[in-house]
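The values are calculated or read from the model by the stated rules, or taken from the named source; none is laboratory data. Computed from a prediction, not measured in an experiment: that's the story for all the values here. Here the Cβ positions follow ideal geometry from the backbone for every residue, glycine too, while neighbour counts run over all protein chains shown. Accessible surface areas use protein heavy atoms only, side chains included; no ligands, DNA or RNA. Shrake-Rupley method; radii C 1.70, N 1.55, O 1.52, S 1.80 Å.
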Amino acid sequence: MRTLETERLVLRMYTEADAEGLYAYAKNPNVGPRAGWKPHESVEESRKIIEEIFAPNESWAIRRKGSDRVIGTIGLEPDRHRDENSKEIGYSLAEDEWGKGLMTEACQEVLRFGFQELGLAQIAICTSPENSRSQGVIKKCGFVYEGTIRHSYHQYTGECRDSRCYSLLKEEWEALQQKAD
C-alpha cells in the first residue's frame, strides 16, 4: 500500500519505528476502550501490534503534514461478513486531536483509495453502540446503517458487546462525490 495525503494529513504504512508514536496515544485509557481494545502497556506491546495486526492488514499511521508525530491509525482489513471485494475500515485517533475533523478527512481518503484504486465494491464499518464519536465520522462519510449484531464483539475485558454495522457501496460513494462537486 502506498502513502496517502489529504489537505492536512499524511497516511503512511506502519513500520516498527512507529512503535513509540503508537504507544504515546494508544496508552490513553480514553482511546482504546471505546473501540474495545485495552490501552497499550508498553512500547514493546505497540511494536507487537504493529507486527501482528497493522502490518498484515496494511494499516496507515496518521500524521499531520509537517510532523513526525503519530496521531492515529486507519486501515482496511478483511470484511468478516462479506467476500474479498469488500473491506472493513477501522481507525483510532489521539484524544488531543478529537473534534477537529481529522478522522473524517482520513476516512474519506481511505474510502477514495478503496473504491478508486483497489476497485472495492463495498466498505463496511462496525462500532460500539456507545461510541458516538465514531458514529459521527461514519455519518459524515455517508455510510448506511445496516443493523446491530447483538453480542458479537469480544472485548479485552472479557465482556461481549453489540456492534452497530454500516456499509457504503461504491455507487453510493460515487453519488456522494458528484454531490460534493
- Query: Among the residues of segment 104-124, is any β-branched (Val, Ile, Thr), modelled with pLDDT of 95 or more and open to solvent by 10 Å² or more (accessible area, probe 1.4 Å)?
  - Reply: yes
- Which one of 2, 12 is open to solvent by 30 Å² or more (accessible area, probe 1.4 Å), assigned to a strand (DSSP E or B) and more than 19 Å from residue 155 (Cα to Cα)? 12
- Note on the structure: Within segment 35-72, restricting to residues that are of a type in the set (Lys, Arg), out of contact with any helix residue (DSSP H, G or I) (no Cβ under 7 Å at 6 or more places or on another chain) and touching a residue at least 40 places away in the same chain (Cβ under 8 Å), the one that is surrounded by the fewest Cβ atoms within 10 Å (Cβ to Cβ) is 65
- Run down 79, 18, 83 and say which single residue is of a type in the set (D, E, K, R) and loosely packed, with under 15 Cβ neighbours inside 10 Å. 83
- Task: Hey, can you tell me all the residues within segment 123-159 that are touching a Phe, Trp or Tyr at 6+ places or on another chain (Cβ under 7 Å), free of Cβ contacts under 8 Å to residues at least 60 places away in the same chain and farther than 17 Å from residue 91 by Cβ?
- Result: 144, 145, 146
- In this structure, does residue 100 turn out to be in a loop (DSSP other than H, G, I, E, B) and in contact (Cβ under 8 Å) with a residue 60 or more places away in the chain? no
- Could you grab me the full set of residues in segment 131-154 that are assigned to a loop (DSSP other than H, G, I, E, B) and touching a helix residue (DSSP H, G or I) at 6+ places or on another chain (Cβ under 8 Å)? 131, 141, 142
- Out of segment 103-122, which residues are among the β-branched types (Val, Ile, Thr) and in contact (Cβ under 8 Å) with a residue 40 or more places away in the chain? 110
- Query: Is it the case that segment 48-55 has a residue that's in contact with a Leu (Cβ under 6 Å, 6 or more places away or on another chain) and within 25 Å of residue 168 (Cα to Cα)?
  - Reply: no
